[in-house]
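Student: Dropping a structure here in structure tokens format, bear with me for questions.
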Amino acid sequence: MKAVQYRAVGAAPEVVTVPDPEPGPGQVLLKVTAAGVCHSDIAVMSMPAEQIRFPLPLTLGHEGVGTVAALGDGVDGFSTGDPVAVYGPWGCGTCVNCAEGRENYCLRAGELGILPPGLGAPGAMAEYMVVDDPRHLVPIDGLDPVTTVPLTDAGLTPYHAIARSRSKLVPGSTAVVIGTGGLGHVAIQLLRAMTAARVIALDVTEDKLALARTVGAHETVLSDENAAARVRELTAGRGAHVVLDFVGAPPTVRTAGAVARVDGDVTIVGIGGGALPVGFGALPYGTNVSAPYWGSRKELAEVLDLARAGAVDVHVETYGIDEAPAAYERLHAGRVNGRAVILPGG
Ligand code: NAD
Ligand code: ZN
Ligand code: ZN
């Protein structure tokens, strides 16, 4: 089968032919319908060799949707042909956090060497993929696979970040979204669907800000050195109750800290290498700063239910599997509007 692989440190991803995988006992084989292209893949492909925690080559793709192609020994509960989404942050399944479905915070994944598909285990950017356990599958009946696949990360990650701050997002509150790309443009829609907050979106180009307005941002601000002052102006000098940074680079975490309100939440989702100093006097009194990771199995089911209710309209650009390297180049250059999705079936 064809697969999109990261094969050598620093090299561009390549489309190669690899043996068709087979499901082992307890596993499920999917025929992949769609796989999302995430900026985290670019971060992984930019890491020096000593930071990479898995052997290469790696089949990319940590957002996956497909149909069940075969069940390994002992698996039941699914039938061939069922359309499913893959829950990506695989955990051990038995620690206290996994017991709650919060496998993104598994206590034992590191020690057991469990890695997500596309970020260590073979991922979804291939004609077939093996899912380690049927508990990592969520039925997507009634949803379009192409616009649903980004919800497994670009939807789930912002949903989890917003859910952590939900008590602050009351009527009259303000949420700031920094970076309105794959995750950010879904975050704006989730904020509108889940909360009564006013949404202010920041990005670096007019195109991105136009998308932000289309998907529901009340205000948009160009992300430059004047951005923090502009957000203060828009919030009567007080700042935002919740700031979600989907870039996480040094200048954006600085902006995030500068626009937080007293007792606000600053949530750094992007992995752009920025860090925000926390200490008395460094930020407004009571500011909570956190850097969450992905989301829980239950939250993925909730995101899909929101999509079924029509609350999320993911903007996608689609590519065949041979065009995946070009899609990564476009994402790297900041030219993708919404989410790029690879269709391995052609
Ligand atoms: P993306 O490239 O689709 O979107 C990033 C957006 O940020 C783009 O619209 C870009 O124009 C904008 N941007 C760049 N510099 C900016 C600046 N200085 N100010 C404002 N906007 C700026 O990326 P994505 O796939 O949505 O991922 C977003 C980030 O989240 C990445 O760093 C990714 O690695 C990370 N991520 C983290 C998690 C997690 O669990 N913590 C999960 C998924 C993705
Ligand atoms: Zn991702
Ligand atoms: Zn666990």
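Student: Among the residues in segment 48-63, are any without any contact (Cβ under 8 Å) to a residue 24 or more places away in the chain and in a loop (DSSP other than H, G, I, E, B)?
Tutor: The initial filter retains those residues of segment 48-63 that are without any contact (Cβ under 8 Å) to a residue 24 or more places away in the chain, namely 50-51, 55.
From the residues that got through so far, the ones that are in a loop (DSSP other than H, G, I, E, B) too are 55.
Checking segment 48-63: at least one residue is without any contact (Cβ under 8 Å) to a residue 24 or more places away in the chain and in a loop (DSSP other than H, G, I, E, B).
Student: Can I ask one more? Being of a type in the set (Phe, Trp, Tyr) and more than 30 Å from ILE140 (Cα to Cα) is the filter; apply it to segment 277-298 and report the residue that is most open to solvent (accessible area, probe 1.4 Å).
Tutor: PHE280
Student: Follow-up question, since we're still on this one. Please go through segment 113-126 and pick out each residue that is in contact with a strand residue (DSSP E or B) (Cβ under 6 Å, 6 or more places away or on another chain) and either closer than 8 Å to GLY64 by Cβ or assigned to a loop (DSSP other than H, G, I, E, B) (or both).
Tutor: Scanning segment 113-126 gives LEU115, PRO122, GLY123, ALA124, MET125.
Student: Considering only residues that are more than 11 Å from ligand 2 (Cβ to nearest atom) and buried (at least 24 other Cβ atoms within 10 Å of the Cβ), look in segment 139-154 and name the one that is farthest from ARG198 (Cα to Cα).
Tutor: Ranking the qualifying residues of segment 139-154, first place goes to VAL149.
Student: Additional query: Could you tell me how many of the residues in segment 17-37 are over 21 Å from ILE321 (Cα atoms) and in a loop (DSSP other than H, G, I, E, B)? Write out each step before concluding.
Tutor: Kept after step one, since they are over 21 Å from ILE321 (Cα atoms), are these residues of segment 17-37: 23-28.
When the remaining residues are screened for being in a loop (DSSP other than H, G, I, E, B), the result is 23-27.
Summing the residues that are over 21 Å from ILE321 (Cα atoms) and in a loop (DSSP other than H, G, I, E, B) in segment 17-37 gives 5.
Student: Further question: Could you identify the single residue in THR33, THR94, THR80, THR67 that is open to solvent by 70 Å² or more (accessible area, probe 1.4 Å), at pLDDT 95 or above and in contact with a Ser or Thr (Cβ under 9 Å, 6 or more places away or on another chain)?
Tutor: The conditions single out THR80.
Student: Next up: Listed residues VAL130, VAL84; which is assigned by TED's automatic domain parsing to the domain that holds TYR328, more than 16 Å from ligand 1 (Cβ to nearest atom), in contact (Cβ under 8 Å) with a residue 60 or more places away in the chain and part of a strand (DSSP E or B)?
Tutor: Sole residue among the options that is assigned by TED's automatic domain parsing to the domain that holds TYR328, more than 16 Å from ligand 1 (Cβ to nearest atom), in contact (Cβ under 8 Å) with a residue 60 or more places away in the chain and part of a strand (DSSP E or B): VAL130.
Student: So, one more: Mind checking whether some residue in segment 200-215 is crowded, with 18+ Cβ neighbours inside 10 Å, closer than 20 Å to HIS160 by Cβ, modelled with pLDDT of 95 or more and in the same structural domain as SER167 (by TED's automatic domain parsing)?
Tutor: Yes, that holds for at least one residue.
Student: I've got another one for you. Across segment 216-235, which residue is farthest from ligand 1 (Cβ to nearest atom) among those that are open to solvent by 20 Å² or more (accessible area, probe 1.4 Å), of a type in the set (S, T, N, Q) and not in a strand (DSSP E or B)?
Tutor: Taking the candidates together, the pick is ASN226.
Student: Taking the conditions exactly as written (in the same structural domain as LEU304 (by TED's automatic domain parsing) and β-branched (Val, Ile, Thr)), does THR147 satisfy them or not?
Tutor: Criteria met by THR147.
Student: I've got another one for you. Does ALA301 satisfy the criteria of being under 16 Å from the mean Cα position of the chain (by Cα), away from ligand 1 (no atom under 14 Å from the Cβ) and outside any loop (DSSP other than H, G, I, E, B)?
Tutor: Numbers: under 16 Å from the mean Cα position of the chain (by Cα): yes; away from ligand 1 (no atom under 14 Å from the Cβ): yes; outside any loop (DSSP other than H, G, I, E, B): yes.
Spelling it out, ALA301 is indeed under 16 Å from the mean Cα position of the chain (by Cα), away from ligand 1 (no atom under 14 Å from the Cβ) and outside any loop (DSSP other than H, G, I, E, B).
Student: Restrict the check to segment 51-61 and report whether at least one residue is of a type in the set (A, V, I, L, M) and closer than 28 Å to HIS315 by Cα. Steps first, please.
Tutor: First, pick out the residues of segment 51-61 that are of a type in the set (A, V, I, L, M): 52, 56, 58, 60.
With closer than 28 Å to HIS315 by Cα added as a condition, the list becomes 58, 60.
Yes: one or more hits.
Student: Restricting attention to segment 263-322, and to residues there that are among the acidic types (Asp, Glu) and not assigned by TED's automatic domain parsing to the domain that holds SER40, which single residue is farthest from THR33 (Cα to Cα)? Lay out the reasoning, then the answer.
Tutor: Our first condition is that a residue be among the acidic types (Asp, Glu); within segment 263-322, this holds for 263, 265, 299, 302, 305, 313, 317, 322.
Next, from what is left, pick out any that are not assigned by TED's automatic domain parsing to the domain that holds SER40: 263, 265.
Numbers: ASP263: 44, ASP265: 37 Å.
Among those that are among the acidic types (Asp, Glu) and not assigned by TED's automatic domain parsing to the domain that holds SER40, it is ASP263.
Student: Taking GLY274 as the residue in question, decide whether it is within 15 Å of ligand 1 (Cβ to nearest atom), more than 15 Å from the chain's Cα centre (by Cα), at pLDDT 95 or above and open to solvent by less than 60 Å² (accessible area, probe 1.4 Å).
Tutor: yes
The values are calculated or read from the model by the stated rules, or taken from the named source; none is laboratory data. A quick note: this is a predicted structure, and the numbers were derived from the prediction, not measured. As a convention, Cβ positions derive from the backbone with ideal geometry for all residues, glycine included, and neighbour counts pool all protein chains shown. Note: areas computed on protein heavy atoms with side chains; ligands, DNA, RNA excluded. Shrake-Rupley method; radii C 1.70, N 1.55, O 1.52, S 1.80 Å.
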